[in-house]
């Protein structure tokens, strides 16, 4: 493993301190970067948890260095990646913002929001810009378990389309990338925390930086725990052992969650159902780190993608449209080239004010949670970024958030009751 980081910058410890303070998000970066194969991930009821093999561990600190639950120096990473700090402190560095979608209606209909990620990966593979793409599908052996892998064909990329609303240890694939053939190039698709870990790993491993040339970041409110899926199955009256396959999105926009049972029965839950991405699935089932993250737009990616929740889109779109932030020149070029070849639709839009308004609200709430946890002496990660000053209601929400999240994610009848009450009293929807 080629290291370029000065030894004094590596914390001489391991990620057990992140695990023990419940700041692990289960990204798998520690497994992917460890040169001694001293870490494995254990699937828990919530997420994935790192296990350290003490007899193998050399306490080099690499796992802790790349961990997004330990620290993320956004200022330093922006300088290393883009050559400058962001002019826009909310959106981060970017070249242009767009809305768009794949012109292949099959891809568009069967993706989460327009099929842009799928279409651009296929384009990059066809043009030999990359030799493969790090993506995530569901496991054939366990449909409730995500399966990250390197897709090397169009069919494999399409197989991995649609969002996965559960913890995904995608960064374990870093080890496979490092062991790939000389000269191979890869695209990486991940959530903000996963992109953070990859970018940090690239600062200490020259080979990794040379191999991963394209970073596709996904907008993220939070990654629901495994309990969220189990809650939905419980609400459907479905046993885990009867499930053959799960799709969290797809079938148009905003789509639905569909569960295929082993007996051939298919059960679906619309996206707008309060038992899906509404009150219950959206508000609760948070990991601790997700509740403290303000990087909702994958600030460190080459291109960021998310649902285009714009009034003009919501009113008429039934197939899906992506909101796109091109952050690097390479990202912008790939978008433009795919558009020129007629593979995607692309329209430049000004979404700065809309996103800034929403992210300022999120930033205030995250800042309030950090302040409350600090007062309680609870360990929080180091994120070197400016956040807006919280208001009184932000602190009140922060005080209510953690006990409510703990209760609702473990007592599903309480979650069901909360949803029913929120229908009668909408103010409950915004309480946290």
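Just so it is clear, none of the values below were taken in a lab; they were calculated from the coordinates. Computed from a predicted model, the values in this text were never measured in an experiment. Cβ coordinates were reconstructed from backbone atoms using ideal geometry, including for glycine residues, and neighbour counts include every protein chain displayed.
Treating the Cα atoms of the stretch 358-403 as identical point scatterers in vacuum, please give the log10 of the normalised Debye intensity I(q)/I(0) at q = 0.13, 0.19, 0.33 Å⁻¹, two decimals.
-0.26, -0.55, -1.27
Using 7 Å Cα-to-Cβ label points, what is the residue 54/residue 21 separation (nm, one decimal)?
A separation of 2.1 nm, rounded to one decimal place.
With a ≥ b ≥ c the root eigenvalues of the C-alpha gyration tensor of the stretch 271-407, is it rounded (a/c under 1.5), prolate (a/b larger than b/c) or oblate?
Verdict is prolate for the stretch 271-407.
If you take every DSSP beta bridge whose two residues both sit in the chain, what share of them, in percent to the nearest 5, is antiparallel?
Details: 36 of 49 bridges.
Looking only at bridges with both residues in the chain, the antiparallel portion is about 75 percent.
May I ask you to derive the FRET efficiency for residue 337 and residue 362 from their Cβ-Cβ distance with R0 = 30 Å, giving the value to the nearest 0.05?
Details: r = 33 Å, r/R0 = 1.10.
E between residue 337 and residue 362, to the nearest 0.05, is 0.35.
If one computes P(r) from the Cα atoms of the stretch 7-66, what percent of pairs lie at distances over 15 Å?
Values: 753 of 1770 pairs.
Looking at the stretch 7-66, the distances longer than 15 Å represent 43 percent of pairs.
Would you mind computing, in nm to one decimal, how far apart the modelled labels at residue 84 and residue 182 are, each placed 7 Å from Cα along Cα→Cβ?
Between residue 84 and residue 182, the label points sit 3.8 nm apart.
Any chance you could check the Cα centroid distance between the stretch 234-303 and the stretch 366-419 for me, in angstrom?
If you average the Cα positions of each part, the centres end up 22 Å apart.
Can you tell me the length gained on complete extension of the stretch residue 389 to residue 73, counting 0.36 nm per residue apart and subtracting the Cα distance? Please report the intermediate quantities before stating the final value.
Working: separation 316, 0.36 × 316 = 113.76 nm, distance 1.99 nm.
Contour length minus Cα-Cα distance gives 111.8 nm.
In which sequence would 111, 40 go, from the one with the fewest C-beta neighbours within 10 Å to the one with the most? Provide the component values of the computation, followed by the final result.
Values: 111 28, 40 16.
Least crowded to most crowded, the residues run 40, 111.
For an R0 of 30 angstrom, estimate the FRET efficiency from the Cβ-Cβ distance between residue 400 and residue 44 and round to the nearest 0.05.
Values: r = 25 Å, r/R0 = 0.84.
My answer for the efficiency is 0.75.
Given that compact globular proteins tend to follow 2.2 N^0.38 Å, what is the ratio of the alpha-carbon Rg of the stretch 90-195 to that value? Mind showing how you got there, number by number?
On the way: Rg = 14.3 Å, N = 106, 2.2 N^0.38 = 12.9 Å.
Its radius of gyration relative to the 2.2 N^0.38 Å reference: 1.10.
When all alpha-carbon pairs of the stretch 73-136 are counted, what percent fall beyond 15 Å? If you can, show how the numbers build up before the last one.
Values: 1326 of 2016 pairs.
Percent of Cα pairs beyond 15 Å in the stretch 73-136: 66.
For the stretch 10-31 and the stretch 45-89, what is the separation of their C-alpha centers, rounded to whole Å?
Centre-to-centre (Cα) distance: 9 Å.
Could you line up 203, 21, 415 from fewest to most neighbouring Cβ atoms inside 10 Å? Kindly include the intermediate steps, with their values, before the conclusion.
Details: 203 19, 21 16, 415 26.
Ordered by Cβ neighbours within 10 Å, fewest first: 21, 203, 415.
Below 8 Å between Cα atoms, with a sequence gap of 6+, how large is the relative contact order for the chain in percent? Mind dumping the intermediate values first?
Working: 844 pairs, mean separation 88.5, N = 432.
Over the chain, the number comes to 20 percent.
By how many nm would the segment from residue 354 to residue 374 lengthen if fully extended, with 0.36 nm per residue of separation less the alpha-carbon distance?
Details: separation 20, 0.36 × 20 = 7.20 nm, distance 3.07 nm.
Gain on stretching residue 354 to residue 374: 4.1 nm.
If you take the beta carbon distance between residue 417 and residue 258 as r and set R0 to 30 Å, what does 1/(1 + (r/R0)^6) give as a FRET efficiency, to the nearest 0.05? The partial results should precede the final answer.
Values: r = 26 Å, r/R0 = 0.87.
Working from the Cβ atoms, E equals 0.70.
Sort 297, 218 so the one with the fewest other Cβ atoms within 10 Å of its own Cβ comes first.
Starting with the residue having the fewest Cβ neighbours, the order is 218, 297.
Comparing 260, 121, 289, which has the greatest mean-square fluctuation in the GNM of the chain with Cα pairs linked when under 10 Å apart?
Largest GNM mean-square fluctuation: 260.
Using alpha carbons only, how many angstrom separate the centre of the stretch 98-129 from the centre of the stretch 150-204?
17 Å
How far, in nm, would the chain grow between residue 268 and residue 128 when pulled straight, counting 0.36 nm per residue and subtracting the alpha carbon separation? Walk me through the numbers on the way to the answer.
Values: separation 140, 0.36 × 140 = 50.40 nm, distance 3.80 nm.
Here the segment from residue 268 to residue 128 would lengthen by 46.6 nm.
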